[in-house]
1. When you go through (1) under 21 Å from Ala14 (Cβ atoms); (2) in contact with a Lys or Arg (Cβ under 7 Å, 6 or more places away or on another chain); (3) open to solvent by 80 Å² or more (accessible area, probe 1.4 Å); (4) modelled with pLDDT of 70 or more one by one for Trp182, which number turns out not to apply?
2. If a residue has to be within 19 Å of Ser38 (Cβ to Cβ) and surrounded by fewer than 24 Cβ atoms within 10 Å (Cβ to Cβ) to count, how many in the range 386-404 make the cut?
3. Please give the number of the condition Cys354 fails out of (1) surrounded by 22 or more Cβ atoms within 10 Å (Cβ to Cβ); (2) modelled with pLDDT under 90; (3) of a type in the set (A, V, I, L, M, F, W, C).
4. When you check Phe79 against the structure, is it among the aromatic types (Phe, Trp, Tyr) and modelled with pLDDT of 75 or more, yes or no?
5. Does Leu388 meet the test of being at pLDDT below 85, closer than 30 Å to Thr254 by Cβ and either among the aliphatic types (A, V, I, L, M) or part of a loop (DSSP other than H, G, I, E, B) (or both)?
6. When you go through (1) in a helix (DSSP H, G or I); (2) open to solvent by less than 30 Å² (accessible area, probe 1.4 Å) one by one for Arg318, which number turns out not to apply?
7. Just checking, which of Gly158, Gly168 is modelled with pLDDT under 85 and farther than 14 Å from Ala378 by Cα?
8. Say we look at the range 43-54 and pick out the residues that are at pLDDT below 80 and of a type outside the set (Asp, Glu); which of these is nearest to Gly181 (Cα to Cα)?
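The values are calculated or read from the model by the stated rules, or taken from the named source; none is laboratory data. Source: prediction; values computed, not measured. So basically every Cβ, Gly included, is an ideal-geometry build from the backbone, and we count neighbours across all protein chains shown. To get the accessible areas, we keep the full protein, side chains included, count just its heavy atoms, and leave off ligands, DNA and RNA. Shrake-Rupley method; radii C 1.70, N 1.55, O 1.52, S 1.80 Å.
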Amino acid sequence: MAPRLEAEGRERWAARHTLALLGFLGLAVEYSLRVNLSIAIVAMVGAREGNATANSTQDACPVRGNGTDSGGNPVRGEFAWDEETQGLILGSFFYGYTCTNFLGGRLAEYLGGRLVFGLGSSAASVLALLSPLCARTSTGLFVASRVLTGVSQTDIKGATDHNSSSSGMQFGTIVGLTLGGWLCNSEFLGGWSSVFYVFGGVGLVWGLPWFLLIHDRPEGHPRISRRELGYIQGQQDTVKGVERVPIPWRAVLTSPPMWSCAVMAFGGSFAFYTFLTEMPTYLADIQHFNVKSNGLLSGLPFVCMLCASLAWGVLVDRLLAAKCLSLKAVRRISTGVAHYVAALALVAMCFVDCNSSAAMVVLCVSVGVSGCAYSGNALTEQDIAPNLAGTLTGITNTIGSATGFLAPALAGAVTMNNNSSIHAWREVFLMTAGVVTVTPSLYMVLMSVEVQPWNDPEKVKAENKLKIENGFAHDSR
């Protein structure tokens, strides 16, 4: 009786639960380090006179008092960066991230996610602690530090079980923006500097339990129960095996399902990074929110995204279990809701003008519904090739992360010299709506949920050899 109770007690919190929790927190740390600059740059640059007196033109919103400090004066920043320079700085993370994504995916398959993810997060945390010094030394050095931060976060999706812990991305975004806004508005550790110090310090603290408690394979885990090990091994047909699979490049690059992943990597990421990097600037320059309110409101749409991803995931999982929907239908419906509804909301943003309440509602809808994609196109790489999921995610993440510097660069180019112009921001919204309408339409045609033959090229080779041998045997008869 006692052993049975002990086993049941262990199963209440199993090894896979520790992995999910630390994976969740690790992704939260990674994303907080990624987005902290989006809110910090508002305080670093401040509200220049052109922004604070935006009511001088008919194509700008009047300042209602929420864009100034308690003394009624425009908030002065430490750096004189124009919109083009800000676009370069905001996108610099993604230069490093894009160039090393494929390498990170392959390293995760060869070295294991524990080492790749753990070392990458620790390096990003150290760079965050050095960021204020870099920024005050020179703009070029600050840009270089952000590029290196991108390199250190290379392919975090390929190195972690993002199916079970992907909500950490939204959680980290929420915390990074909301807490970042509060820190920027405080005098703690120099205001905006504290955003980098706090999140960098938290990242280093997280690394300790990660390296102590996490193992790459369940078979080598010293604390896993036999019951849990048996459960995990029973699911091996849907996850990566121990063996390292060579990349069948020709089959991968000519595979329609793989192209569906690539298309959605571009479209989904373009919208996400437009919101992630440009929303604080829009709320500051157009709606004139101060930095504290800006951080809170910038995080609100991502709260909606987190809630939508969890609620939608539960809903479609039950429909799938009840056989009301096929897996392919779940992927298509989830992708369609995530992107077509977001596109409609982006078009609606063109009509909210200076109604800040309406703007926030529409932004929450547009960003919120995109969380449904975590039950849709975000899982396609795992669906079609579990043995090569890290590599495929490295490829698609390279494509998607390129929009991380493309989106702010385009937004900066459109709004440059017209940073408080409603018309300029309408162009940004419509451009993004067009991208998230075309790309899911292509995805619907090309996608698949079936494991592709090239997932196990050695097996295919053996089957072809057997067919040839059988053919010779038949001919000899």
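1. That leaves (1) as the condition not met.
2. Here the count works out to 1.
3. Cys354 satisfies all of (1) surrounded by 22 or more Cβ atoms within 10 Å (Cβ to Cβ); (2) modelled with pLDDT under 90; (3) of a type in the set (A, V, I, L, M, F, W, C) except (1).
4. On the way: among the aromatic types (Phe, Trp, Tyr): yes; modelled with pLDDT of 75 or more: yes.
The answer is yes for Phe79.
5. So Leu388 fits the description; yes.
6. All conditions are met except number (2).
7. Every option except Gly168 fails the conditions.
8. The extreme case among them is Gly46.
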